[in-house]
1. Which one of these is farther than 30 Å from MET377 by Cα and crowded, with 19+ Cβ neighbours inside 10 Å: ALA31, ALA124, ALA53?
2. Out of the residues in segment 71-106 that are modelled with pLDDT under 90 and touching a strand residue (DSSP E or B) at 6+ places or on another chain (Cβ under 7 Å), which is farthest from ARG45 (Cα to Cα)?
3. Report every pair of residues separated by at least 6 positions or lying on different chains whose Cβ atoms are under 9 Å apart, first residue within segment 282-293 and at pLDDT 85 or above and open to solvent by 20 Å² or more (accessible area, probe 1.4 Å), second of a type in the set (Lys, Arg) and in a loop (DSSP other than H, G, I, E, B).
4. Filter segment 225-238 down to residues that are touching a residue at least 60 places away in the same chain (Cβ under 8 Å) and surrounded by fewer than 17 Cβ atoms within 10 Å (Cβ to Cβ) and give me whichever is nearest to GLU256 (Cα to Cα).
5. Just for strands (runs of 3 or more DSSP E) wholly inside segment 324-439: which have at least 3 residues that are crowded, with 20+ Cβ neighbours inside 10 Å and among the aliphatic types (A, V, I, L, M)?
6. For segment 222-245, name all the residues that are part of a loop (DSSP other than H, G, I, E, B) and out of contact with any Asp or Glu (no Cβ under 8 Å at 6 or more places or on another chain).
7. With ALA265, ALA278 as the choices, which residue is of a type in the set (Gly, Ala, Ser) and either out of contact with any Phe, Trp or Tyr (no Cβ under 8 Å at 6 or more places or on another chain) or outside the structural domain of LEU355 (by the TED database) (or both)?
8. Give the residue that is nearest to the chain's Cα centre (by Cα), with candidates limited to residues of segment 147-167 that are open to solvent by 60 Å² or more (accessible area, probe 1.4 Å) and modelled with pLDDT of 90 or more.
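The values are calculated or read from the model by the stated rules, or taken from the named source; none is laboratory data. For clarity, every value in this text was computed on a predicted model and none was experimentally measured. Note that each Cβ is placed from the backbone with ideal geometry, even for glycine, and that neighbours are counted across all protein chains shown. Heavy atoms of the whole protein, side chains included, go into the accessibility calculation; ligands, DNA and RNA do not. Shrake-Rupley method; radii C 1.70, N 1.55, O 1.52, S 1.80 Å.
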Amino acid sequence: MAVSYVAVVAVAVSLLLLLLVSWKRWHQGRAKWHVIIVVLGDVGRSPRMQYHALSFLKSGFSVTLLGFCNSRPYDELLQNNRIQIVSLTELQKLPVGPYIFQYGVKVVFQSVHLLWKLICREPAAYIFLQNPPGLPAIAVCWFVGCLCGSKLVIDWHNYGYSIMGLVHGPSHGLVVLAKWYEKLCGRLSHLNLCVTNSMREDLAENWGIKAVTVYDKPASFFKETPLDLQHQLFMKLGCTYSAFKACSEPVDPATERSAFTERDAQSGLVTHLRGRPALLVSSTSWTEDEDFSILLAALEKFEQLILDGESLPSLVCVITGKGPLKEYYSGLISQKCFQHIQVCTPWLEAEDYPLLLGSADLGVCLHKSSSGLDLPMKVVDMFGCCLPVCAVSFRCLHELVKHEENGLVFKDSEELAAQLQMLFSKFPDPAGKLSQFRKNLQESEQLRWDESWKQTVLPLVMET
């Protein structure tokens, strides 16, 4: 009886899939200008895939964007009537069973859930998939593409197995399995994009996959922030975070003052405060590939230099982002007894993040690629705001950060502390190294995402 019941269910599901596929094939003419973009992660924290969606929309396509909706996407997407954002259900950690059992249940659930969500969508010419995470999404998207006549495009941001290896070690069974899966299924795609030339070469040599490099580029809203908007942002953040509040009250009660700026009550003119602190910004997803103990150790050395009488400014260090290790590092930060340094870890609204980068004096990047083959998008955004960067060294960083040209590269906390001392000596110094790096970025005529996408991605999807 049970076997008969299972057989009936299997036949019913098969017939339903057949009907859906037949309907999709019948409507295939509508698919040419429709793209499905899949992110098996938080859409709001996947800027590159949001940029892909916006570029497709600007090129006349309609877009369906599937992913977890934990954070708010860009307003441009929410306000466009040619995009449908479909929320995927994120399976929470099971309270019972060993890790490998929990992971297996998660993979099975995501496979069935994603398959159903894709099958129920309008026909599409392309399924664009962010990898990582690619397990189980690559196989599911390929299968749906075979059923519905869609071409699979994988956008390789990194290797998923290398990220898993940071937690479990490279020889762990799950990591070995994930690498095998990624290498096998990665070859099923119609087209592959990747983020660096180093990754393109590695995919070709070690995976047998031909890819096209599409560098991350800043969106148009990443730019230097005018002083009056800086003041508005600082006053807004000062309502929540004490680091942005003024240390002293102005003589005129009608004058607005933040820790960095002041608006004259009569003229409305905004100026920088004399003796203001320097604003240092870092952005993170608080994962194992970023060691923030390096920054904390460098800040301790910087503090000691001030106490020893060096001519250096006070620092406000803002570290933005969400992630699994935030609580751990917040505990370390709370144990520090800084006198001249304030550290705050806000989660900013999407529209405030570019304004903060455009208001800062220096960016710091602690991203160490798990594969050594991807580049930190946060640095791309900082450069879009003409913000000089100190970045920790790894294999392919030279494709983005040019040492002594648009920033500095360091290996450890000692080097970072020395760089902070050099860059902030006699701050703010219009003739100093920090100002020269900013000038180099202003004169570099950086290509923006839209122009780059039209030159690289659009021809690929139009000709195939």
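1. Values: ALA124 fails: farther than 30 Å from MET377 by Cα; ALA53 fails: farther than 30 Å from MET377 by Cα.
After applying the criteria, what remains is ALA31.
2. The qualifying residue farthest from ARG45 (Cα to Cα) is GLU90.
3. ASP291/LYS368
4. LYS236
5. Numbers: elements: 341-344, 362-365, 389-392, 407-410.
Hits in segment 324-439: 389-392.
6. Filtering segment 222-245 down to residues part of a loop (DSSP other than H, G, I, E, B) leaves 222-226, 239-241.
Answer for segment 222-245, where residues must be part of a loop (DSSP other than H, G, I, E, B) and out of contact with any Asp or Glu (no Cβ under 8 Å at 6 or more places or on another chain): LYS223, GLU224, THR225, PRO226, CYS239, THR240, TYR241.
7. Answer to the check: ALA265.
8. Here is the first cut: in segment 147-167, the ones open to solvent by 60 Å² or more (accessible area, probe 1.4 Å) are 151, 163, 166-167.
In the following step, the residues that additionally are modelled with pLDDT of 90 or more were identified as 151, 163.
Numbers: LYS151: 25, ILE163: 15 Å.
The extreme case among them is ILE163.
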